[in-house]
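Working notes, structure below.
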Amino acid sequence: MRAKIIKPERRYKTEEIYKMKRFFAAIAAALTLFAAGGAEAAALRVGTDADFQPYEYYREGDGAFTGFDVELMEELAKLMGYDGVEFVEVSFHDLLGGLNEDKYDAAIAALIVTAERRHEADFSVPYAEDRTVTVTVTGRAAPVGKNMKTVTEKGTTHMVFAQQNYAQQGEIIVADNIKQAVDLLFAGKAGRAVTSKLSARYLIENVYDGRLVITSEDGVAQPLAIAVRKGNAELLDKINDALARCKESGAYDKLYAKYFGADK
């Protein structure tokens, strides 16, 4: 089933329209609860940045919105009793802000849990681990010393890593997404990219046919989790329970292997 995703220009034209939609949505949810004898709302609203393979992305060919996070969230919503997921597309650096503005109920987008982010949202138990890696173009001798430019994605922990470890060696270029970062690598405008290990490994094997190579890896494992608004313990408990059941059933391992392989 094709995932439902609402882009910002369609979802939030004006504040008045937004409030009206929320009003009628609340009425519809109440009617649904009454008709179903206490069942969950029809759809769980989830914010995401739809531009980070293989976590969430538009598939070439049919344009379907898919990815590990997308399929995982759909499975969890089903286990929680929802009819489906309504994905709301936002930029990564605005993801938690939109959550706190009540634009959606939860957020998933390969979110690494940090102390800073814990001030903005509550997080589920980790559903995966990732690491920060450095990537270069295969076979290309990168410049050294202070001539080495590094590209990384805006608002990510990988950007923080690049700033802390590579700033003295040259300019840090901030890209909007991983595709833009890789394009800068191929164009010779940066000598290396700093990004997610799981994303880089997927792109190397499935998109760029080995034209990129991982040259180094940070040894610190970084937990990925689903964010909810501060204090929303009810939804957080439901998500954690659904994650546990998803793993117990074997559905999680099957989904993980589909996108990342069996090696965790």
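Data for the structure
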read-out: Qualifying residue in the range 198-205 (condition: part of a loop (DSSP other than H, G, I, E, B), over 16 Å from the mean Cα position of the chain (by Cα) and surrounded by fewer than 20 Cβ atoms within 10 Å (Cβ to Cβ)); value: no
read-out: Flag for residue 135 being within 18 Å of residue 54 (Cα to Cα) and touching a Phe, Trp or Tyr at 6+ places or on another chain (Cβ under 6 Å); value: no
read-out: Looking only at the range 67-106, and only at residues there that are without any contact (Cβ under 8 Å) to a residue 24 or more places away in the chain and under 16 Å from the mean Cα position of the chain (by Cα), the one that is farthest from residue 198 (Cα to Cα); value: 97
read-out: Residue satisfying condition, being modelled with pLDDT of 95 or more and surrounded by fewer than 18 Cβ atoms within 10 Å (Cβ to Cβ), within set 140, 117; value: 117
read-out: Matching strands (runs of 3 or more DSSP E) fully within the range 78-177 where at least 1 residues are more than 30 Å from residue 245 (Cα to Cα); value: 132-137, 150-153, 172-175
read-out: Only listed residue being under 30 Å from residue 219 (Cα atoms), among the charged types (D, E, K, R) and buried (at least 23 other Cβ atoms within 10 Å of the Cβ), chosen from 69, 94; value: 69
read-out: Of all residues making up the range 164-178, the number that are under 16 Å from residue 133 (Cα atoms), of a type in the set (S, T, N, Q) and surrounded by 15 or more Cβ atoms within 10 Å (Cβ to Cβ); value: 2
read-out: Residues satisfying the stated conditions in the range 185-197, i.e. outside any helix (DSSP H, G or I) and either among the small types (Gly, Ala, Ser) or surrounded by fewer than 19 Cβ atoms within 10 Å (Cβ to Cβ) (or both); value: 187, 188, 189, 190, 191, 193, 196
read-out: Among (1) surrounded by 14 or more Cβ atoms within 10 Å (Cβ to Cβ); (2) in a loop (DSSP other than H, G, I, E, B), the one test that residue 182 misses; value: (2)
read-out: Yes/no for residue 238 being surrounded by 13 or more Cβ atoms within 10 Å (Cβ to Cβ) and under 22 Å from residue 112 (Cβ atoms); value: no
read-out: Matching option when the condition is in a loop (DSSP other than H, G, I, E, B) and out of contact with any Lys or Arg (no Cβ under 8 Å at 6 or more places or on another chain), among 237, 241, 209; value: 209
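To keep it simple, each residue is scored yes or no on (1) surrounded by 15 or more Cβ atoms within 10 Å (Cβ to Cβ); (2) at pLDDT below 95; (3) aromatic (Phe, Trp, Tyr).
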position: 217; (1), (2), (3): no, yes, no
position: 225; (1), (2), (3): yes, no, no
position: 243; (1), (2), (3): yes, no, no
position: 249; (1), (2), (3): no, no, no
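The values are calculated or read from the model by the stated rules, or taken from the named source; none is laboratory data. These numbers come from a predicted model, not from an experiment. When we count neighbours, we look across all protein chains shown, and the Cβ atoms used for this are built from the backbone with ideal geometry, even at glycine.
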